[in-house]
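Chemist: After the structure tokens below, expect a handful of questions from me.
Every number in this text was worked out from the coordinates using simple rules, so none of it is lab data. Everything numeric here is computed off the predicted structure, so don't read it as measured data. Using ideal geometry, Cβ is built from the backbone for each residue, glycine included, and neighbour counts are taken over all protein chains shown.
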Amino acid sequence: MPRHAARWLVRCQRFVMLAGMDVVTRFAPSPTGYLHLGHAFSAYAGWAKARANGGTFLLRLEDIDSTRCKPDYADAILDDLRWLGFGWDGEVRVQSAHLGDYTAVLNRLEARGVLYPCFCSRSEILQAQAAPHGGEVIYPGTCKALRAAERAARIAEGRKYARRLDVDRAVREAGALRFFEESAGWVDAVPQRLGDVVLARSEVPTSYHLCVVHDDALQGITHVTRGEDLLAATHTHVLLQKLLGLPTPVYAHHKLLMDDSGKRLAKRDGAPTLRAMRLAGEDAVTVLKQLTESVP
Ligand code: GLU
């Protein structure tokens, strides 16, 4: 199909996806540091879509990793959003207050036979579970090959383990998967892109992937707006939604803001924080203008 016809088709499909729909979006930061302009852009994407469509904009704090999340960062998120004028609707959902919900979801997946215990090192599991952005580690499946007796023996010994998704098996169970991405149209989901992700680790009985899928459905999110670094994760989320009988929202993965050297803004590289700008008395309107103008 010629490119202009394909673009036209995607536009028509997007129109149909929005027609008659009560738009519900969300911003779901992890309070593991202060927000920077990249986060502000993500929040803006969700907020603007909701406001432009007379919809609802929700805020969710993804704070399941108690070793990295701090109340101070959570407070700053609320202050930064208020400062920028991105008011949210209703209560803030704080994931750490709902761990029981996530355990119930994990048990449902366990009952479907799509999980297996993984005894590999903690650092590897931490990497896979706590960093949904970029640089994903694709687990080689070492523990998937363990025999049932060996698994049982290790568990009986008291060895710690994480629970991983057996993606091949889950895909066989789920059948064909697709999602609607606003800029690309219908996309066939390939959850093998992230492989056998960790869905629960021994210290935290859940994971980003599991919580996000559960909460997006619980909160009735119709449009997930987030950075394109999470596109691969979306393929996994669509699989989990199908296994759990949950709806698949529309996705809009936005470009990431870059610094002057062309590297994406990141907490770990010391990107200037919104909090610092706010406390330095910068004008939020100027910051917002800078934000909307620097969108790639
Ligand atoms: N909590 C994730 C983060 O701060 C974002 C999750 C999402 O938007 O799906 O990176």
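Chemist: Order by neighbour count: 24, 94, 285, fewest other Cβ atoms within 10 Å first, most last. Can you show the working numbers first?
Modeler: On the way: 24 21, 94 16, 285 10.
Going from least to most buried by this count: 285, 94, 24.
Chemist: Hey, got the dipole for the chain? About the Cα centre, +1 on K and R Cβ, -1 on D and E Cβ, debye to the nearest 20?
Modeler: In total the dipole reaches around 720 debye.
Chemist: Another question, if that's okay. I'm checking a number: the convex hull volume of the Cα atoms of the chain, normalised per residue, in Å³. What is it?
Modeler: On the way: hull volume 44.2 nm³, N = 296.
It is 149 Å³ per residue.
Chemist: What angle do you read, to the nearest 10 degrees and between 0 and 90, between the alpha-carbon axis of helix 71-84 and the longest principal axis of the chain?
Modeler: Relative to the chain, helix 71-84 is tipped by roughly 30 degrees.
Chemist: If I model a spin label as a point 7 Å beyond the Cα along the Cα-Cβ vector, how far apart are those points for residue 11 and residue 51 in nm?
Modeler: So the label points at residue 11 and residue 51 sit 2.5 nm apart.
Chemist: Let me ask something additional. Calculated from DSSP H runs of 4 or more alone, at -39500 (n - 2.57) each and per residue, what is the 222 nm mean residue ellipticity of the chain, nearest 500? Write down the numbers at each step before the final one.
Modeler: Numbers: 11 runs with 126 residues, N = 296.
Taken over the chain, the calculation gives -13000 deg cm²/dmol.
Chemist: How far is helix 231-244 tilted, in degrees, relative to the longest principal axis of the Cα atoms in the chain, given as a value from 0 to 90 rounded to the nearest 10?
Modeler: Taking the Cα atoms of the chain, the angle to 231-244 is about 60 degrees.
Chemist: For a footprinting-style exposure proxy, rank 108, 172, 164 by other Cβ within 10 Å, fewest first.
Modeler: Working: 108 13, 172 10, 164 26.
Arranged by neighbour count, lowest to highest, 108, 172, 164 become 172, 108, 164.
Chemist: Order by neighbour count: 110, 182, fewest other Cβ atoms within 10 Å first, most last. If you can, show how the numbers build up before the last one.
Modeler: Values: 110 14, 182 19.
Lowest to highest Cβ neighbour count: 110, 182.
Chemist: Where in region 245-279 does the amide nitrogen come within less than 12 Å of the point 7 Å from the Cα of residue 231, taken along Cα to Cβ?
Modeler: 252-256
Chemist: Estimate the FRET efficiency between residue 192 and residue 111 by the formula 1/(1 + (r/R0)^6), using the beta-carbon distance for r and 25 Å for R0, to the nearest 0.05. If you can, show how the numbers build up before the last one.
Modeler: Details: r = 23 Å, r/R0 = 0.92.
So, using R0 = 25 Å, E works out to roughly 0.65.
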